[in-house]
Amino acid sequence: MTSESIDRAMGGPRDLASDPGRWRYARVLGPILLFGASAHALFLALFALLDVPVLVAFNAASIALYLLLLYLARHVDPRVLVLVAMMEVLAHAWLATHYVGWVSGFHFYPLILIPLIAFLTLFSLLQRCLLILLATLVYAAMALAYTTATPLVPLPDVVAPWLSAINAVSVSIGLSVFILFYAVAVQNADNLARASQERLKHLAATDPLTGLLNRRSMDIHLQQAVHHRDPAALLLGDVDNFKQINDAFGHDAGDRVLEAIGETLRQAVADHALVARWGGEEFLILIPGDNGTHAARLAERIRRLVPGCWQESERPVTMSIGIARLQAGDTVARFANRADQALLEAKRAGRNRVITAPGADATGT
């Protein structure tokens, strides 16, 4: 699925169409902002019960701020959203700790910003380092100012440990979620990288027109066959009078012919052989483990199938095929050259026929 199709499925990118990646960041930040507004609604109720009007007003303003950021999430730079939300978290942590004391546990919240900032590739590495430094300095300053200070509104003995525990657990869960999110993102990136590498390998090994192996890839298989000296047979096929097809119907028609023949060869060999576009209108088939007998039957079958693979003209498309069997002392060049010589014999004999190279333990057809 492409970046554009992802955006369409998610209903965007709207105003950030010029940068779909930024829009998806905004999409991810949306639920986070909604969670922040919900958390502040709970804090508002808590401070209303504790009769701390300053914090009630601050949390009411925070709710309005998060809802505003949620509304703007698809219209502004996500970096702005992150910075504003970060400043709000630091301000709320400082103000809540100032009023209800260090024991309340609100000083934990700046810590949750550190992994979030570290994972945000929206910012440069230097910017992330500076933001992490800011969050760390704010936390250190709060520790120096309020660890032993008397709060302005001391919490009841029953409330203090529960509130501290709730804040500690909330921050721990938040940190775990961020770390899990990062781990999943890294795994997805690894999977995408592996898939991309496999696709690049496939593209490098195949012919773009027919989807068959290309000559460079087939060369590797030929070298392995020659190296291991196991039985192997080679079929080299050439489309008869292919230039006349191009001249009469155009090169687009010629490409369609090659595509059709490529599919015919792929189906004919199934999983028993390797098929490559050897060059131009030539196709090479390597049959590992064959002593030449199966190769002759396959070549004849292909010769009969080819005329039916292209129906755009009354003129049938035919193929001449040369067969060679791997022999002792062969190099790749000698192996392929014998198949090529047999193909030339098939051409000279009138085309649309199969000829087996001498020594292949089979007879010409």
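When residues in region 226-260 are screened for being in contact with an Asp or Glu (Cβ under 8 Å, 6 or more places away or on another chain) and either closer than 24 Å to R325 by Cβ or outside the structural domain of R351 (by TED's automatic domain parsing) (or both), 8 of them pass.
In summary, F58 fulfils each of the numbered conditions (1) crowded, with 19+ Cβ neighbours inside 10 Å; (2) among the aromatic types (F, W, Y); (3) touching a residue at least 40 places away in the same chain (Cβ under 8 Å) with the single exception of condition (3). Restricting S38, S104 to those that are at pLDDT 85 or above, loosely packed, with under 15 Cβ neighbours inside 10 Å, under 30 Å from P156 (Cα atoms) and small (G, A, S) reduces the list to S38.
Of all residues in region 185-226, how many are closer than 26 Å to L258 by Cβ and without any contact (Cβ under 8 Å) to a residue 40 or more places away in the chain?
Going residue by residue through region 185-226, those that are closer than 26 Å to L258 by Cβ are 198-223, 225.
Remaining after also requiring without any contact (Cβ under 8 Å) to a residue 40 or more places away in the chain: 198-206, 208, 216, 220.
Within region 185-226, residues that are closer than 26 Å to L258 by Cβ and without any contact (Cβ under 8 Å) to a residue 40 or more places away in the chain number 12.
Taken over region 86-138, the residue count meeting the criterion of being touching a Phe, Trp or Tyr at 6+ places or on another chain (Cβ under 9 Å), closer than 25 Å to F58 by Cβ and among the small types (G, A, S) is 4.
Any residue in region 155-171 that is hydroxyl-bearing (S, T, Y) and within 24 Å of G36 (Cα to Cα)? Looking through region 155-171, at least one residue is hydroxyl-bearing (S, T, Y) and within 24 Å of G36 (Cα to Cα). Here P154 meets each of (1) without any contact (Cβ under 8 Å) to a residue 60 or more places away in the chain; (2) part of a helix (DSSP H, G or I) with one exception, condition (2). Restricting attention to region 184-216, the residues that are out of contact with any strand residue (DSSP E or B) (no Cβ under 7 Å at 6 or more places or on another chain), outside any loop (DSSP other than H, G, I, E, B) and surrounded by 12 or more Cβ atoms within 10 Å (Cβ to Cβ) total 1. All conditions but one from (1) surrounded by 13 or more Cβ atoms within 10 Å (Cβ to Cβ); (2) farther than 19 Å from A205 by Cα; (3) not β-branched (V, I, T) apply to E312; the one that does not is (1).
Is it true that some residue in region 127-135 is in contact with a Ser or Thr (Cβ under 7 Å, 6 or more places away or on another chain), modelled with pLDDT of 90 or more and surrounded by 17 or more Cβ atoms within 10 Å (Cβ to Cβ)? Scanning region 127-135 turns up no residue that is in contact with a Ser or Thr (Cβ under 7 Å, 6 or more places away or on another chain), modelled with pLDDT of 90 or more and surrounded by 17 or more Cβ atoms within 10 Å (Cβ to Cβ). Among the residues of region 107-117, the ones that are touching a residue at least 40 places away in the same chain (Cβ under 8 Å) and surrounded by fewer than 22 Cβ atoms within 10 Å (Cβ to Cβ) come to 4 in all. Residues in region 142-174 that are modelled with pLDDT of 90 or more and surrounded by fewer than 12 Cβ atoms within 10 Å (Cβ to Cβ): L144, T148, T150, L152, A165. Any residue at all in region 118-125 that's part of a helix (DSSP H, G or I) and surrounded by fewer than 11 Cβ atoms within 10 Å (Cβ to Cβ)? Checked region 118-125: at least one residue is part of a helix (DSSP H, G or I) and surrounded by fewer than 11 Cβ atoms within 10 Å (Cβ to Cβ). When each of D240, D219 is tested for being in contact with a Ser or Thr (Cβ under 9 Å, 6 or more places away or on another chain) and surrounded by 13 or more Cβ atoms within 10 Å (Cβ to Cβ), the lone residue that passes is D240. For region 44-99, filtered to residues that are under 40 Å from the mean Cα position of the chain (by Cα) and hydroxyl-bearing (S, T, Y), the residue that is nearest to T148 (Cα to Cα) is S62. In the set (1) among the acidic types (D, E); (2) buried (at least 16 other Cβ atoms within 10 Å of the Cβ); (3) under 24 Å from G289 (Cα atoms), D230 fails one condition alone, (2). One residue alone among L126, L122, L133, L163 is under 24 Å from H40 (Cα atoms) and either touching a residue at least 12 places away in the same chain (Cβ under 8 Å) or among the aliphatic types (A, V, I, L, M) (or both), and that residue is L163. Restricting the search to region 309-357, which residues are within 41 Å of the chain's Cα centre (by Cα), more than 19 Å from L274 (Cβ to Cβ) and free of Cβ contacts under 8 Å to residues at least 40 places away in the same chain? Once the filter is applied, which keeps residues that are within 41 Å of the chain's Cα centre (by Cα), more than 19 Å from L274 (Cβ to Cβ) and free of Cβ contacts under 8 Å to residues at least 40 places away in the same chain, region 309-357 yields only Q311. Filter region 315-334 for residues that are small (G, A, S) and assigned to a loop (DSSP other than H, G, I, E, B); which is surrounded by the fewest Cβ atoms within 10 Å (Cβ to Cβ)? The residue in question is A328.
Which one is farthest from V89 (Cα to Cα), of the residues in region 109-133 that are of a type in the set (V, I, T) and more than 26 Å from the chain's Cα centre (by Cα)?
To start, the set of residues in region 109-133 that are of a type in the set (V, I, T) comprises 112, 114, 117, 121, 132.
Subsequent filtering for residues that are more than 26 Å from the chain's Cα centre (by Cα) retains 112, 114, 132.
On the way: I112: 10, I114: 12, I132: 13 Å.
Step by step, filter region 109-133, then rank; the result is I132.
The values are calculated or read from the model by the stated rules, or taken from the named source; none is laboratory data. Because the structure is a prediction, the values reported are computed rather than measured. Counting neighbours? That spans all protein chains shown, and the Cβs are built from the backbone with ideal geometry, glycine included.
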